[in-house]
Amino acid sequence: MPLIDMPDFSTDLLNEFAARRTERVNTPVIQPAEPFLDMAGEDLRRRIFLTESETGANLCLRPEFTIPVCLRHIETATGTPKRYSYLGEVFRQRREGAHEFYQAGIEDLGDKDIARADARAIIDATGILGALLPGGKLELTLGDQAVFEAVVRALGLPLGWQKRLIHAFGDMVHLEALLDRLARPQPVTGLDQEVAELVASGDEAELIARIDRTMQETGYSTNASRSPAEIARRLKEKLELAETRLDGGALLLLREFLTLRLPLAEAPAALAGFADAADLKLGPAIALFDARLAALANAGADVSAMTYRAAFGRPLDYYTGLVFEVTVSGSSAVLAGGGRFDRLLTLLGAKERIPAVGFSLWLDRIEAARAK
Amino acid sequence: MSVLTIALPSKGRIKEDTAAIFERAGLGISAVGNDRSYRGRIDGIESVEITYLSASEIARELANGAVDFGVTGEDLVREGMVGADQKVEFCARLGFGQADVVVAVPEIWLDVETMADLGDVAADFRARHGRRLQIATKYWRLTQQFFSSQHGIQLYRIVESLGATEGAPAAGQADIIVDITSTGSTLRANHLKILSDGVILKSEACLVRARKAAHDDDPRVSRIMEAVRAAL
């Protein structure tokens, strides 16, 4: 790799990684594109550099490191826990800024002590940034998907609605649209009358048989992805969900929760107060939230520079808990972004569930911040 | 005087309909060389060239700014470039070549009538079937914008389909499709239905101008636009 264009603080960074007992790994620049598109969705397609091999395989220039590092971990099967670090170029189509730039980061795989591993990721990210930006005042924003999930569960909504809301977490526009639907349920229209009567009669077997017959007649069944039973059950669920109305009080609570934004140190008391006032049992999610904060404080992290924002999340289905971003005071540029992705490794093909947390550093933005 | 180029469709109904409108607009076209030539000129306006291309090539040439005007489908223009409205002006909708770009799912998906339904199905798809929901289409840009920006649906995969897209679900190549349809009869014949809020774009043939600074005070440009608009 040509080292000449690497940021001048690369050596400091690598020393930091070594001091933090990580194993530096490299991954090829040219990667199979499927895992990225599968994990992040098609929206990524216009933001990465795609190409094709001679045999037609979809390839792309490495758009980030987490997925390649995790894939490498699964392939090498060297067991957990593992702390990997990386530093290298990534390639993305961006409206602003260069299309190729350096990223570095740590992926912490397999530590079962979730609170400790979360705290360590935050401490590593802020510690490294602190060393690279002496005198800069760092600010950290923290979110927690698990807390949102606990609130949604505690509200007693049907499972289907819980899934919808949890799936939309981190995408405020989508979430607002769902809340509107919960406030003003829309009856399902356009359903064939015979089908509607079958659903109402509760004769699921007949409904499934009917769907199956139609599939056979139309020659669709051979390659059907969704089975008659899946369609029948979701139809029933949909009709139930369409009638779900969240009463004004509960809706207000959910909206109030999403506006929470306060110093991290005050968050446990605020969340406990919120749960008490609303008579919600938030359980283990809050315990973990508190344990993480305690682990941060014990390790001497500057908790006063950290803010909890309840609505902060990433709308990707492999993020499961902590998310965080670090900026430097007076600028909105995100210098480090991280989070917990306990579902990613199994989605990528790992046989067992591997808890994982990590972060990446945007070296071009750090370079710009250092120049100020 | 610099040459102004107008790209017109080289074959089919859209070619005839375009010629008829230009005729009515008083912009008579005469072929350069023989009748089968792919080049022409407009009678009575100096230095305006006609070039005959396929509809998708016209969209591409407009995106590149290689031609000044083109007649082609709005779907092809919007699919072919990011920020179409900044790069080109849709000067006139010509009233033919009407077709909608739509999201269509198997008719037997009785539980899926809206994009919100599809969002629910897509969110669960991987857990149920071990892969993402697959969409067959040639409109991957329009599909992404519609699914991601307008409906917050991220988790699906596009399977590129260059023809006979309506057959993809029955053939097992994809679960649903995004395709262009004028009457919906091909969709119905393939047991597909359009989602109630699944119309991505109502397209038709348009006179499209590549936005160029040189057009600002070129009388030929305004004359062509006005003549075509007046002929509608």
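A short reminder: the numbers here are calculations on the coordinates, not readings from a lab. Predicted, not measured: the structure shown is a model, and the values here were computed from it. Every residue, glycine among them, receives a Cβ derived from its backbone with ideal geometry; neighbour counts consider all protein chains shown.
A few comments on the model shown:
- Relative contact order, percent, segment A:175-292 [alpha-carbon distance under 8 Å, six or more residues apart]: 31 percent
- Cα gyration tensor, segment B:99-202 - rounded (a/c under 1.5), prolate or oblate: rounded
- Ranked B:Met1, A:Met306, B:Met225, A:Met172, criterion: other C-beta atoms within 10 Å, fewest first: B:Met1, A:Met172, B:Met225, A:Met306
- Axis angle, to the nearest 10 degrees, between helix B:55-64 and the longest C-alpha principal axis of chain B: 80 degrees.
- Structural descriptor for segment A:99-208: relative contact order 10 percent, calculated from alpha carbon pairs under 8 angstrom and at least 6 residues apart.
- Each label was represented as a point 7 Å from its Cα along the Cα-to-Cβ direction; for B:Asn64 and A:Ser329 these points are 5.4 nm apart.
- Anchor B:Lys87: aspartates and glutamates whose Cα lies under 17 Å away (excluding residues fewer than 8 positions away in-chain): B:Glu57, B:Glu61, B:Asp68, B:Glu74, B:Asp75, B:Glu79, B:Asp216
- Backbone N within segment A:220-237 under 12 Å of label point (7 Å from A:Glu204 Cα along the Cβ vector): A:229-237
- Once the C-beta distance of B:Arg131 and B:Asp216 is scaled by a Förster radius of 41 Å, the resulting FRET efficiency is 0.20 to the nearest 0.05.
- Cα long-axis angle, helix A:10-19 against chain A (0 to 90 degrees, to the nearest 10): 70 degrees
- Inter-chain neighbour count for A:42-48: the average number of beta-carbon atoms from partner chains within 10 Å of each residue's beta-carbon is 5.
- Relative contact order of chain A, defined on C-alpha pairs under 8 angstrom at six or more residues apart (%): 24 percent
- Euclidean distance of C-alpha centroids, segment B:106-120 and segment A:309-372, integer Å: 33 Å
- Cα-Cα over 20 Å, subset of A:Lys112/A:Lys163; B:Lys11/B:Lys193; B:Lys138/B:Lys202; A:Lys137/A:Lys372: A:Lys112/A:Lys163; B:Lys11/B:Lys193
- Under the simplified labelling scheme, the B:Glu49-B:Val199 pair shows an inter-label distance of 4.0 nm, with each label point 7 Å from Cα along Cα→Cβ.
- Packing order of peptides A:141-150, A:89-98, A:125-134, highest average first: A:141-150, A:125-134, A:89-98 (average count of other Cβ atoms within 10 Å over each peptide's residues).
- Förster-model FRET efficiency, 25 Å R0, A:Ala299 and A:Thr11, C-beta, rounded to 0.05: 0.45
- Over the residues of the protein assembly as shown, the helix contribution to mean residue ellipticity at 222 nm works out to -12000 deg cm²/dmol, using -39500 (n - 2.57) for each DSSP H run of at least 4.
- Sites A:Thr78 and A:Ala229 - FRET efficiency at Förster radius 51 Å, r taken between beta-carbons, to 0.05: 0.80
- Over chain A, all Cα pairs binned in 10 Å intervals from 0 give whole-percent P(r) values of 4, 20, 27, 24, 15, 7, 2, 0, listed from short to long.
- Residue order for B:His129, B:His191, A:His99, fewest other beta carbons within 10 angstrom first, comes to A:His99, B:His129, B:His191.
- Tilt relative to chain B, helix B:12-24 - C-alpha long axis, 0 to 90 degrees, to 10: 40 degrees
- Other residues lying with their Cβ under 9 Å from the Cβ of A:Pro63 contribute a combined charge of +2, Lys and Arg counting +1, Asp and Glu -1.
- Estimated Rh, segment A:292-341: Kirkwood, alpha-carbon pairs, angstrom: 12.5 Å
- For segment A:193-243, with +1 on Lys and Arg beta carbons and -1 on Asp and Glu, the positive-most of A:Ser225, A:Ala205, A:Leu235 along the dipole: A:Ser225
- The alpha-carbon of A:Lys351 sits under 17 angstrom from the alpha-carbons of these aspartates and glutamates, leaving out residues fewer than 8 places away in its chain: A:Glu75, A:Asp111, A:Asp342.
- Global form of chain B, assessed from the alpha-carbon gyration tensor, a/c cut-off 1.5: prolate
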